[in-house]
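Colleague: Handing you this structure, nothing more for now.
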There are 2 protein chains.
Amino acid sequence: MHTTLIQELKRHIDLTEEDEQLITSSFRYKKVRKNQYLVQPPDIAYHEHFVLSGCLFEYYLDDDGIQHTLVFAPEGWWMTDLQSFLTKQESKYHVQALEDSELLVLTKEAYDKLLTRIPALNSYFRSLYANAIIGLNERLLNVLSTKVEERYLRFLKKYPQLENRVPQYLVASYLGVTPEFFSRVKSKILR
Amino acid sequence: MHTTLIQELKRHIDLTEEDEQLITSSFRYKKVRKNQYLVQPPDIAYHEHFVLSGCLFEYYLDDDGIQHTLVFAPEGWWMTDLQSFLTKQESKYHVQALEDSELLVLTKEAYDKLLTRIPALNSYFRSLYANAIIGLNERLLNVLSTKVEERYLRFLKKYPQLENRVPQYLVASYLGVTPEFFSRVKSKILR
């Protein structure tokens, strides 16, 4: 099951056989059930997760109990509360399994050690984080400037594999509107 | 004038004297006037900018001509249209000088060469990008979940040095509201 991860890394950087062994031994395989928490505030996010199958999602629960969904992580994506993971401060965001999922799990200590032992991984994560910035800029703009119809169409384009896997109330939470409003928008699009 | 940059880098990574010379020779010093463009869509963003003094800002101009401000970059910040810079695709975001500014400018070729010659810079940019992700997550949440009053207070906290330097219509654009609405909100806060 580490093959998927090694393949993903090798699409971006060169790895020796020794590197591959070190990586394989650094990640732990983990199965989680739908709805299970991977990060739950204010616990520290001790792990970075690479999604092999299934889907995780990250959200913020505000003081009024409203859930604001930041990002979905289907197969091949990474997911954690990055600030908590990198700084060992209390987490602010929930990370939860949207579906039964298979993960590869990396502790902060193993992450630091891997980056020291395999410097090319700095380059991999640099590119990964740069892509996340690009996606977040688009998402921010999306919320700042576009109509809910357009936001929904962009959601479908960004996550084509998730259309029928994410419950409607979560799509609404991702779009920043109430489920009722989203339902009206969707039926307008379908007509 | 390269000292500020070298100091910033050395707060995060070790550099040899040779590294420092290579870095110094890779960046070009540039003075820009208030309102001058550094990136203008659809031109490719050929340069990354490190701000020595003054302030740059990045925004998206939508089809209705409305300006949506994504981020401000005062002294010590980096700024470019990252997607365009990294992929050499057409830019989508404007980068403009908010004030007369002094910059250190790096081409994509020099950036790639520096990362190859000084691998520790991958680690520097990995951390820089990770911090940008953390900031963007907060900003996104801010727009998705909080009231304009709170957004404004967070803007002041994030950019304490900019309170009296950013015109009100740009603060409004950053907060995602009209200048008129922002003006009402602000007078309510001041009362």
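Colleague: Classify the range B:27-130 as rounded, prolate or oblate from the Cα gyration tensor: take a ≥ b ≥ c as the square roots of its eigenvalues, call it rounded if a/c is under 1.5, otherwise prolate when a/b beats b/c and oblate if not. Write out the running numbers ahead of the final one.
Modeller: Details: a/c = 1.86, a/b = 1.41, b/c = 1.32.
Because a/c hits 1.5 or more and a/b exceeds b/c, the range B:27-130 counts as prolate.
Colleague: At 7 Å along the Cα-to-beta-carbon direction for both B:Ser187 and B:Glu109, put a label point, then send me their distance in nm to one decimal.
Modeller: So the label points at B:Ser187 and B:Glu109 sit 5.6 nm apart.
Colleague: Only counting other Cβ atoms within 10 Å, I'd like B:His68, A:His49 sorted with the fewest neighbours first.
Modeller: Values: B:His68 19, A:His49 25.
Ranking B:His68, A:His49 by Cβ neighbours within 10 Å, fewest first, gives B:His68, A:His49.
Colleague: Label point 7 Å out from A:Gln168 along Cα-to-Cβ: which residues of the range A:119-155 have amide N under 18 Å?
Modeller: Taking a point 7 Å out along Cα→Cβ of A:Gln168, the residues of the range A:119-155 whose backbone N falls under 18 Å are A:148-153, A:155.
Colleague: Another question about this same structure. For the range A:73-135 and the range B:124-186, what is the separation of their C-alpha centers, rounded to whole Å?
Modeller: Cα centroid to Cα centroid, the span is 26 Å.
Colleague: Where does the charge balance sit around A:Lys147 when Lys and Arg score +1, Asp and Glu -1, over other residues with C-beta under 12 Å from its C-beta?
Modeller: Numbers: positive: A:Arg151, A:Arg154, A:Lys188; negative: A:Glu149, A:Glu150, B:Asp62, B:Asp63, B:Asp64.
With Lys, Arg at +1 and Asp, Glu at -1, the neighbours total -2.
Colleague: I would also like to ask the following. Starting from the 7 Å offset along Cα-to-Cβ, what nm value, one decimal, do you get for the label separation of B:Gln40 and A:Asn35?
Modeller: It is 5.7 nm.
Colleague: What's the Cα-based Rg to Rh of the protein assembly as shown, Rh via Kirkwood? Let's see the in-between values first.
Modeller: On the way: Rg = 21.5 Å, Rh = 22.3 Å.
Expressed as Rg/Rh, it is 0.96.
Colleague: Next up: Let me know the whole percent of all Cα-Cα pairs from chain B that are separated by more than 27 Å.
Modeller: Values: 5863 of 18145 pairs.
Of all Cα-Cα distances in chain B, 32 percent exceed 27 Å.
Colleague: List the distances, in nm to one decimal, from the label point of A:Asp43 to the label points of the same position in every other copy, shortest first, placing each label point 7 Å from Cα along the Cα-to-Cβ direction.
Modeller: From this label point to the equivalent ones elsewhere in the assembly: 5.1 nm.
Colleague: Just want the ordering: B:Asp19, A:Asp14, from fewest to most Cβ atoms lying within 10 Å of their own Cβ. Mind showing how you got there, number by number?
Modeller: Details: B:Asp19 19, A:Asp14 8.
Placing the least packed residue first, the sequence is A:Asp14, B:Asp19.
Colleague: I would also like to ask the following. Given a cut-off of 20 Å, name the pairs among B:Lys10/B:Lys30; A:Lys88/A:Lys158; A:Lys92/A:Lys157; B:Lys147/B:Lys186; A:Lys10/B:Lys88 whose C-alpha atoms lie farther apart than that in the structure shown. Don't skip to the end; give the middle numbers.
Modeller: Numbers: B:Lys10/B:Lys30 22 Å; A:Lys88/A:Lys158 30 Å; A:Lys92/A:Lys157 28 Å; B:Lys147/B:Lys186 12 Å; A:Lys10/B:Lys88 23 Å.
Over 20 Å apart, Cα to Cα: B:Lys10/B:Lys30; A:Lys88/A:Lys158; A:Lys92/A:Lys157; A:Lys10/B:Lys88.
Colleague: Amide H of B:Ser53 versus every other amide H placed in the peptide plane: which residues, excluding those fewer than 5 positions away on the same chain, fall under 5 Å?
Modeller: The answer is B:Glu102.
Colleague: Let me ask something additional. How would you rank B:Lys30, B:Lys108, going from fewest to most other Cβ atoms within 10 Å of each one's own Cβ? The partial results should precede the final answer.
Modeller: Details: B:Lys30 15, B:Lys108 18.
Sorted ascending by nearby Cβ count, the order is B:Lys30, B:Lys108.
Colleague: A further question on this structure: Counting C-alpha atoms alone, how compact is the range A:146-191: give Rg to one decimal and Dmax as a whole number, in angstrom.
Modeller: Radius of gyration, then largest Cα-Cα span, for the range A:146-191: 9.6, 24 Å.
Every number in this text was worked out from the coordinates using simple rules, so none of it is lab data. Please read all numbers here as calculations on a predicted model, not as lab measurements. Glycine also receives a Cβ, built like all others from the backbone with ideal geometry; neighbour counts cover every protein chain displayed.
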